[in-house]
There are 2 protein chains.
Amino acid sequence: MRLYVERGYEQTTVAEIAAEAGLTARTFFRHFADKREVLFAGSERLLTHMVEALDAAPATGGPMRTVAAALDAAAELLGRDRSWSRQRQSLIDTNAELRERELIKMARIAAALAEELRRRGVPAADASLAAEAGIAVFRVAWERWLTGADELDLATVMKATLSRLAAVTAAE
Amino acid sequence: MRLYVERGYEQTTVAEIAAEAGLTARTFFRHFADKREVLFAGSERLLTHMVEALDAAPATGGPMRTVAAALDAAAELLGRDRSWSRQRQSLIDTNAELRERELIKMARIAAALAEELRRRGVPAADASLAAEAGIAVFRVAWERWLTGADELDLATVMKATLSRLAAVTAAE
DNA sequence: TGGGTGATGTCATCAAGTGACATCACTGGA
DNA sequence: TCCAGTGATGTCACTTGATGACATCACCCA
């Protein structure tokens, strides 16, 4: 990430990254599937963390309440270092390849959450919707947390965003 | 797309595609930014179609009703040829690069819808949420329409999915 | 002590992109 | 009619990401 920030993502070659670590490009590709993946090493951890939280949530309330538990878990994991997150995010935002990779990671989480909801008995379509809606909340809250000047807690922003979603999607 | 389906996406080289069209690889890259883009030629048209529909929607009701108009427009544009859509989608689903590209196209649409909502006076966060929620509905409805055995209209599936979203996200 | 095992290096190779320059058909005006 | 300009294409050279095959080397354990 240091090299990506210094020179820009595209201007940094895998050979340079590997050299910086005292290794070969070939070795880099044994640890990371591709040049993008190195920035998303923690995504698997986030996924399991969220799925576990979803599993641990009580069965009371609708699927959205269950998803909220997963969002809490995400906030707990990601809400610590805002300036680091900002730097990483601005890097991702300036490169289309990285944006794509980020999106597929989120999509994978949404799919995992939906699957878990279905396992808990939520009808298939409702499960997908709740998971996707949850990810939508995550995205919006994340962006607000990063760009906001105030010192709000990520979890708090998530909760507020979730309730805004309920308001916005309420049938009239 | 014919070559991608016949040999698989990864097994098809740009040189082969170009040769099939009686052209050179270099020329391919003058028409399409990369090997993926050729499958998403219509995405810009979908975006403008949806944004225009959103613009044309009456100002009555909340942002979600406005987004619903954009979803209708999408259904109108995409709901015609289900078997072709199925083939294209199964191609996309079997390749991660193509999935990523599809996701960023959807994200771009979501961003455009949100921006248009903001222009219409919807508060920033609500606009993002409504747009993202709309795309979530699109995704789920699209998948149900493609995998469903019945002969349902895409627009009908969208409407039903939208009302399920309202039910699922309703505060309890 | 010697053989497996895992991590790494080396080498060759392919395919995706891209820049620079040449070519050629077409078009609008002198 | 001809010529200059324009746009689409081809050719060539090159970089970089990515992968397979094989060699090497340190380390651990029986």
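Values computed for the structure shown
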read-out: Scope the stretch B:146-172; condition more than 9 Å from chain A (Cβ to nearest Cβ) and either in a helix (DSSP H, G or I) or open to solvent by less than 60 Å² (accessible area, probe 1.4 Å) (or both); matching residues; value: B:LEU146, B:THR147, B:GLY148, B:LEU154, B:ALA155, B:THR156, B:VAL157, B:MET158, B:LYS159
read-out: Hits in the stretch B:12-40 (condition: touching a helix residue (DSSP H, G or I) at 6+ places or on another chain (Cβ under 9 Å) and not in a helix (DSSP H, G or I)); value: B:THR12, B:THR13, B:ALA21, B:LEU23, B:THR24, B:PHE32, B:ASP34, B:LYS35, B:ARG36
read-out: Single match in A:GLU100, A:GLU143, A:GLU115 (criterion: surrounded by fewer than 19 Cβ atoms within 10 Å (Cβ to Cβ), at pLDDT 95 or above and under 28 Å from B:GLU37 (Cα atoms)); value: A:GLU143
read-out: Residue that is farthest from the other protein chains (Cβ to nearest Cβ), among those in the stretch A:1-23 that are crowded, with 16+ Cβ neighbours inside 10 Å and within 14 Å of DNA strand C (Cβ to nearest atom); value: A:ALA18
read-out: Selection status of A:ALA110, part of a helix (DSSP H, G or I), at pLDDT 95 or above and within 19 Å of B:ARG99 (Cα to Cα); value: yes
read-out: From the options B:SER85, B:SER90, residue that is in a helix (DSSP H, G or I), polar (S, T, N, Q) and open to solvent by less than 20 Å² (accessible area, probe 1.4 Å); value: B:SER85
read-out: Subset tally (residues that are away from every other protein chain (no Cβ under 14 Å) and either among the small types (Gly, Ala, Ser) or under 22 Å from A:VAL157 (Cα atoms) (or both)) for the stretch A:72-111; value: 19
read-out: Looking only at the stretch B:24-60, and only at residues there that are over 25 Å from B:SER90 (Cβ atoms) and surrounded by 16 or more Cβ atoms within 10 Å (Cβ to Cβ), the one that is nearest to DNA strand C (Cβ to nearest atom); value: B:VAL51
read-out: Criterion violated by B:ARG65 - all others in (1) away from chain A (no Cβ under 14 Å); (2) away from DNA strand C (no atom under 11 Å from the Cβ); (3) among the basic types (Lys, Arg) satisfied; value: (1)
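The values are calculated or read from the model by the stated rules, or taken from the named source; none is laboratory data. Note that this is a predicted model, so its numbers are computed, not measured. Using ideal geometry, Cβ is built from the backbone for each residue, glycine included, and neighbour counts are taken over all protein chains shown. Ligands, DNA and RNA are excluded from the accessible area calculation, which covers all protein heavy atoms including side chains. Shrake-Rupley method; radii C 1.70, N 1.55, O 1.52, S 1.80 Å.
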